[in-house]
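A.B. asks: One structure coming up, written as structure tokens, with questions to follow.
Read-outs: derived from the displayed coordinates by stated rules, not from any lab. As the structure is a prediction and not an experimental result, all values here were calculated from the model. Quick reminder, even Gly has a Cβ in these numbers, built from the backbone with ideal geometry, and neighbours come from all protein chains shown.
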Amino acid sequence: QVQLVESGGGLVQAGGSLRLSCAASGISCSIYAMGWYRQAPGKQRDVVATITAGGSTNYADSVKGRFTISRDNAKNTVYLQMDSLKPEDTAVYYCRANWGALGYWGQGTQVTVSS
């Protein structure tokens, strides 16, 4: 019943931009802490950005100043605006929802940044 569906990934040139979306169903994003994670080949899955139910945000050092996480509770959707993309941003990006002991993952969307 709970589903997180990511979209917006693709292939872009270095310096370009992408906007990822995470559409939630079966839960209300308004009461969940939401986050974006990424996993590159041969690497662990790392947090990129998080946003609490109250709107407080945090970012990995590697994306500060370039990425922005936001939420639209009316649309039950979380976004990740990615600007000034670098080849090292290439990864599968996953949406995450957490509320207390409850947690859910999306299936991911591929982002590839070419040099």
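A.B. asks: With contacts defined as alpha carbon pairs under 8 Å and 6 or more residues apart, what's the relative contact order of the chain in percent?
C.D. replies: Here the relative contact order equals 36 percent.
A.B. asks: Would you kindly calculate the translational diffusion coefficient of segment 76-115, applying Stokes-Einstein with the Kirkwood radius from alpha carbon pairs, for 4 °C and a viscosity of 1.567 mPa s, and quote it in µm² s⁻¹ without decimals?
C.D. replies: 108
A.B. asks: Order of 86-99, 45-58 by packing, highest average Cβ count within 10 Å first?
C.D. replies: Taking the mean over residues of other Cβ atoms within 10 Å, the ranking is 86-99, 45-58.
A.B. asks: Still on this model: If packing is taken as the average count of other Cβ atoms within 10 Å, what order do 32-41, 61-70 fall into, highest mean first?
C.D. replies: Order by mean packing, descending: 32-41, 61-70.
A.B. asks: Okay, next question. I need the fraction of alpha carbon pairs in segment 31-91 separated by more than 17 Å, rounded to a whole percent.
C.D. replies: When all Cα pairs of segment 31-91 are counted, 39 percent exceed 17 Å.
A.B. asks: Give me the one-decimal nm value for the distance between modelled label points at Thr68 and Thr112, 7 Å along each residue's Cα-to-Cβ direction.
C.D. replies: Placing both labels 7 Å along Cα→Cβ, they lie 2.9 nm apart.
A.B. asks: Expressed as a whole number of Å, what is the distance separating the alpha-carbon centroids of segment 1-30 and segment 72-93?
C.D. replies: About 7 Å separates the Cα centre of segment 72-93 from the one of segment 1-30.
A.B. asks: So how far apart, in nm, are the two label points at Ala14 and Asn98 if each is 7 Å from Cα heading toward Cβ?
C.D. replies: Reported label-point gap for Ala14 and Asn98 is 3.3 nm.
A.B. asks: Something else now. Which aspartates and glutamates, if any, have their Cα less than 20 Å from the Cα of Lys86, not counting same-chain residues under 8 positions apart?
C.D. replies: Cross-link targets: Asp46, Asp61.
A.B. asks: As I understand it, the dipole of segment 47-115 uses +1 on the Cβ of Lys and Arg and -1 on the Cβ of Asp and Glu, about the Cα centre. Which of Tyr79, Ser62, Gly103 lies farthest toward its positive end?
C.D. replies: So the residue we want is Gly103.
A.B. asks: Between Lys86 and Ala23, what is the FRET efficiency for a Förster distance of 41 Å, r being their Cβ-Cβ separation, to the nearest 0.05?
C.D. replies: For R0 = 41 Å, the calculated efficiency reads 0.95.
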